[in-house]
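Presented below is the structure to which this report refers.
No value in this document is a laboratory result; all are computed from the given coordinates. The structure presented is a predicted model; accordingly, all values stated were derived computationally and were not measured. Cβ atoms come from the backbone with ideal geometry, glycine included; neighbour counts cover every protein chain shown.
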Amino acid sequence: MVRAVMVGCGQMSNGWLTAIRETDALARDIELVGFVDLDPDLAAERAAQHGFTSAKTGSDLAAMLEALAPDVVFDIVVPQARRSVVQTAFAHGCDVLSEKPMANSLEEARELLALARETGRTHAIVQNRRHLAGIRRMKALIESGELGEITALHADFFLGPHFGGFREEMDHVLLLDMAIHTFDAARFLLPAEPTAVYCQETNPNGSWFSHGASANALFDCTDGATFSYRGSWCAEGAPTSWESSWRVIGTKGSVLWDGNALIEGAVRDGDDGFFRPTRPAALPEETPLEATGHAGVILDFITARAEGRAPLSVNDDNIKSLAMTFAAIESAETGRRVSISEETT
């Protein structure tokens, strides 16, 4: 049984708690012993709402950790508070699973990475797209060699959500709050790491966000491949999935992926003709996952701790996705191509 304290009891915590309650392995293996929020009444409300009536609630994380000595902290605070929360958790001997982004800046992320190494603690970050059946199947297809060497990856993300609240006041809202998921998914799929990016960011007419609701980014990668991203959070109608719509191009063929279950494409099947003949791409079988999305991230985190291995989205991997995001933001602000920091280890 893993004893956990949850810090940050806003709306996002509902998704975590539902995942824990409704996933057998999580409900069995996680005991939520404490809830912390700047608003102690909200902490108490969230605990009661999800049936954790015996959990301690309050607003002082350090005092809570001192009193309860949990194994892990589930960190769902706003990015500006992440460094303080993670530092406090490490100081009390806790491993941490944080919501994205890993930190409010790349400098802060490097500090947390160094601190995790110094204290011997595990810090993982929620990248729930890695725990979906579709992306696992796409990764298996790429690794099978069916498409040959991957030369280009393209992702489109077009939705029109009306969140209200803090997102509609954020700077770089699409890049910082959403595109990081797609960037991380691209890193998960690509055999090569991105090295540089040129990004154009706009806030189109009609946008209900205050800044940066649309962006286009082109990434160079270490093996000569490219990754392109086109996205908007103020695109009404004709939506893509939340996981984006993808085209993967290899030296032998191409596939389209809707971000969910639909994958279709073709590979070259001959060496003659203006357009070479093709055959349908041979797709790997879908592998069932014990848990998906947020539940998959949480399960991987607690399983990794038990097995003594690194979680799939551990900090020294996730910082590379964060570096993509901040490089894209810098490019958008300066209007120039930006090298992606190599100081992420």
Roughly how many whole Å is it from the C-alpha centroid of region 105-123 to that of region 283-305?
-> 25 Å
Going by average Cβ neighbours within 10 Å, how do the peptides 157-164, 295-302, 280-287 rank, with the highest at the top?
-> 295-302, 157-164, 280-287
Quick one: if the Förster radius is 25 Å, what FRET efficiency do R117 and A81 give, using the C-beta to C-beta distance and rounding to 0.05?
-> 0.70
In whole Å, what three semi-axes, largest first, describe the equivalent ellipsoid of region 28-131 built from its Cα gyration tensor (square root of 5 times each eigenvalue)?
-> 23, 15, 14
Spatial separation of Cα centroids for region 255-276 and region 72-99, in angstrom | 44 Å
Angle in degrees between helix 40-49 and the longest Cα principal axis of the chain, rounded to the nearest 10 = 70 degrees
To the nearest 0.05, what FRET efficiency results for E193 and E264 with a Förster distance of 45 Å applied to their C-beta separation?
-> 0.95
Here the net charge surrounding L159, from other residues whose Cβ is less than 12 Å away from its Cβ (Lys, Arg +1; Asp, Glu -1), is -3
Evaluate E = 1/(1 + (r/R0)^6) for A91 and R279, where r is the Cβ-Cβ distance and R0 equals 51 Å; express this FRET efficiency to the nearest 0.05.
-> 0.30
Binning every alpha carbon pair distance of the chain at 10 Å from zero, what are the percents per bin?
-> 5, 24, 31, 25, 11, 3, 1, 0
Note, W246: beta-carbon cut-off 13 Å, +1 each Lys/Arg, -1 each Asp/Glu, net +1
Could you work out how far the C-alpha centroid of region 139-209 sits from that of region 1-70, in angstrom?
-> 31 Å
Ranking of T151, T240 by count of other Cβ atoms within 10 Å, fewest first | T151, T240
Which percent, to the nearest 5, of DSSP beta bridges fully inside the chain are antiparallel?
-> 55 percent
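In the chain, what is the count of Lys pairs whose alpha carbons are under 27 Å apart, counting only pairs at least 8 residues apart or on separate chains?
Pairs that pass both the separation and distance tests number 5.
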The answer for the net charge of residues other than R83 whose Cβ lies under 12 angstrom from its Cβ, with Lys and Arg +1 and Asp and Glu -1, is -2
Measure nothing but the geometry: give the 0 to 90° angle between the long axis through the Cα atoms of 133-144 and the longest principal axis through the Cα atoms of the chain, rounded to 10°.
-> 50 degrees
Relative contact order for the chain using alpha-carbon pairs under 8 Å, separation at least 6, rounded to a whole percent?
-> 18 percent
Cα-based convex hull volume of region 127-261 per residue, rounded to whole Å³ | 102 Å³
Ranking L289, L26 by Cβ neighbours within 10 Å, fewest first, what do you get?
-> L289, L26
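Could you please rank M138, M1, placing first whichever residue has the fewest other Cβ atoms within 10 Å of its Cβ?
With the sparsest Cβ surroundings first, the list reads M1, M138.
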In degrees, nearest 10, range 0 to 90: what is the angle between the Cα axis of helix 293-307 and the longest Cα principal axis of the chain?
-> 70 degrees
